[in-house]
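Worksheet: the structure to be examined is printed underneath.
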């Protein structure tokens, strides 16, 4: 490549000489600097002493010596060589490697022409800059909002630029200032302006020559408002090209003007699709319904493109998509919503999200497939954090941190964050939670667990991250308290070059360890929670003002949040719940195990021999649930007795006595059950309770005969009383069933009446 300093043209009494730089000679001829130094000395020594003395000057060119090669000179500290004196003898043939003298002169001429072009470009650039500076945005606002026309903003801006050019050209010509911009005459100035405007192609101001520019300027008004009206195209706002809806239908008898014309009537009736559930494509509606109907009344159908554009316009979709697509679609896409104000109380709404924050270093084990061995490498990773933030106060109530070397947003760290939020909130009611659709929040396990913590859990719609307040708080947290950390080098927020750290001078060992990064994060979260915003309250102070409806979480809910979960079989429980893998002290008592306790567990689990129960437990107790989530009972911790009498405390002795009595009571339950079974069998064998009722006897008569034929003991009286209560429950159940049947009949009659109304409305619409 030839650069501008490589060629030097000198005009002297000896004629025109062309000189090439030493850089170009060395590059093309592959000569080193030492060789050129030697030939410069030889050429200098061949000249008279007067010429040799010239070399003491900063800039010089040595005279010619017939028959000598490598005539040279120096200018601006660079050596130059006369192209005519560079030897071209074999084997080197140096001159063949360089451009010819004619080529070098042509290169110089081309650069002079380029400088002329650059001058023209500079003049045009100056004009563009001047007009851009005087372009008035007030013109844009007037054209956009006060012109009376609905004009695109881009068109308004083009109109404003055109107005600025018109005002500039007219003023410049009137004042004769075109010479100050480097133009010799008015014509040259107008020509330059016309060339620029031809390239710009501004709306309603298309010019190609100076003559067309003059014609445009002849009609340009002097008043500012008239100028703005003048620039607006006459095509804007006219109704000439409109076909659909241009001539509404008129009732010639009553004079009523209907809202729709004949085209719209046929189009929209076909589009509404009120006759069936299946929806045909717009092309099919056009060819099969609209065209035949419009041609039958003697009208010319519009094009298929116009047909589709009209039906898919927003006003038509707002009015008729509810009939075509259904109410659910209409409610989700078109129905207006209720704007909300900012929250007042803490605990009303929590939000959650995850992001990578502080960078840290860690040691990773890498498996080498070639050597079949593990190697250790020090790498960096962003500390991935899930934050739970109270929306009303901006308080970071809880956070969970991914394990070292992981950036996975898992359910485990969501649990960590939520549990911390519950503790910091004083274990009080957390009314609502919102998050994005990340798997850590949306999987079944996460949804079910979050439902035990918050009264209401919802997720934002897909691709609508702005609806999650956590996005805002993460961005503010990063910019407010993390931006100053040297460990905070990368962020998805403010990802432009100005928001990113320069890590060129950081080695991997400049990053903190995982534990150090966690400590920095915890410190920064505390700084965020306790900072005063605009001199007012801190998020921690606002978080203390909780919603008045907040209440203490009950023990069952707290166990669901903080407790451990497991599954146990009901086989061989022997009156206690002992979670597998738990410590020896983790043991819970099933209340009235041999009596109602076992029966309750069995009924809840389906009476199976090897049925299983879910156990949620902590130090305060254990809650039993069926596998379907049905609550069964709460089992208190067992008060264990001491194994040795000498170590027994009064509490141990009391526990031993309680457990002994419980054991004896359980031992008596089989005998009591057998006795009750025998008496029941004797009664049923003698009378056949169900058969007697079917024969028409009254229950009171049966009970009376029963008491007369049996020796009534105190225990028997209790049994009879239980039987009477059973009969009363059966009667109550039968009454409830009759009531349910009556309610079902009423509902069926109501639905039938509503169905008849709907069918009547359909007939009227047809």
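The values are calculated or read from the model by the stated rules, or taken from the named source; none is laboratory data. Bear in mind the structure is a predicted one, so any value in this text is a computation, not a measurement. Heads up, the Cβs are rebuilt from the backbone with ideal geometry, glycines too, and the neighbour counts pull from every protein chain shown.
Here is how the numbers come out for the structure above:
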{"quantity": "Residue identified as surrounded by 12 or more Cβ atoms within 10 Å (Cβ to Cβ), more than 60 Å from the chain's Cα centre (by Cα) and not assigned by TED's automatic domain parsing to the domain that holds residue 17 among 104, 47, 62", "calculated": "104"}
{"quantity": "Tally, over region 1-23, of residues that are assigned to a loop (DSSP other than H, G, I, E, B) and farther than 15 Å from residue 104 by Cβ", "calculated": "2"}
{"quantity": "Cβ pairs under 7 Å, 6+ apart, first in region 180-199 and closer than 11 Å to residue 120 by Cα, second assigned to a loop (DSSP other than H, G, I, E, B)", "calculated": "192/183"}
{"quantity": "Top-ranked residue in region 147-200 [being part of a loop (DSSP other than H, G, I, E, B) and within 47 Å of the chain's Cα centre (by Cα); ranked as surrounded by the most Cβ atoms within 10 Å (Cβ to Cβ)]", "calculated": "151"}
{"quantity": "Count of residues meeting criterion [surrounded by fewer than 21 Cβ atoms within 10 Å (Cβ to Cβ) and part of a helix (DSSP H, G or I)] in region 423-444", "calculated": "5"}
{"quantity": "Criterion violated by residue 317 - all others in (1) at pLDDT 80 or above; (2) over 30 Å from residue 422 (Cα atoms); (3) in a loop (DSSP other than H, G, I, E, B) satisfied", "calculated": "(3)"}
{"quantity": "Number of positions in region 24-39 that are outside any helix (DSSP H, G or I), exposed (fewer than 14 other Cβ atoms within 10 Å of the Cβ) and on the phi < 0 side of the Ramachandran plot", "calculated": "1"}
{"quantity": "Residue match in region 527-541 (condition: under 32 Å from the mean Cα position of the chain (by Cα), farther than 30 Å from residue 358 by Cβ and surrounded by 12 or more Cβ atoms within 10 Å (Cβ to Cβ))", "calculated": "no"}
{"quantity": "Residue among 119, 89 that is in the same structural domain as residue 157 (by TED's automatic domain parsing) and at negative phi", "calculated": "119"}
{"quantity": "Residue within region 505-526 that is out of contact with any helix residue (DSSP H, G or I) (no Cβ under 7 Å at 6 or more places or on another chain) and at pLDDT below 70 present", "calculated": "yes"}
{"quantity": "Any chance residue 363 is in contact with a strand residue (DSSP E or B) (Cβ under 6 Å, 6 or more places away or on another chain), closer than 30 Å to residue 440 by Cα, assigned to a strand (DSSP E or B) and free of Cβ contacts under 8 Å to residues at least 40 places away in the same chain", "calculated": "yes"}
{"quantity": "For residue 457: the one exception among (1) part of a helix (DSSP H, G or I); (2) modelled with pLDDT of 75 or more; (3) surrounded by 14 or more Cβ atoms within 10 Å (Cβ to Cβ)", "calculated": "(1)"}
{"quantity": "Subset of region 536-566 (residues that are over 21 Å from residue 348 (Cβ atoms) and out of contact with any helix residue (DSSP H, G or I) (no Cβ under 8 Å at 6 or more places or on another chain))", "calculated": "555, 556, 559, 563, 564, 565, 566"}
{"quantity": "Tally, over region 270-284, of residues that are free of Cβ contacts under 8 Å to residues at least 12 places away in the same chain and in a helix (DSSP H, G or I)", "calculated": "1"}
{"quantity": "Test result for residue 495, modelled with pLDDT of 85 or more and in the same structural domain as residue 477 (by TED's automatic domain parsing)", "calculated": "no"}
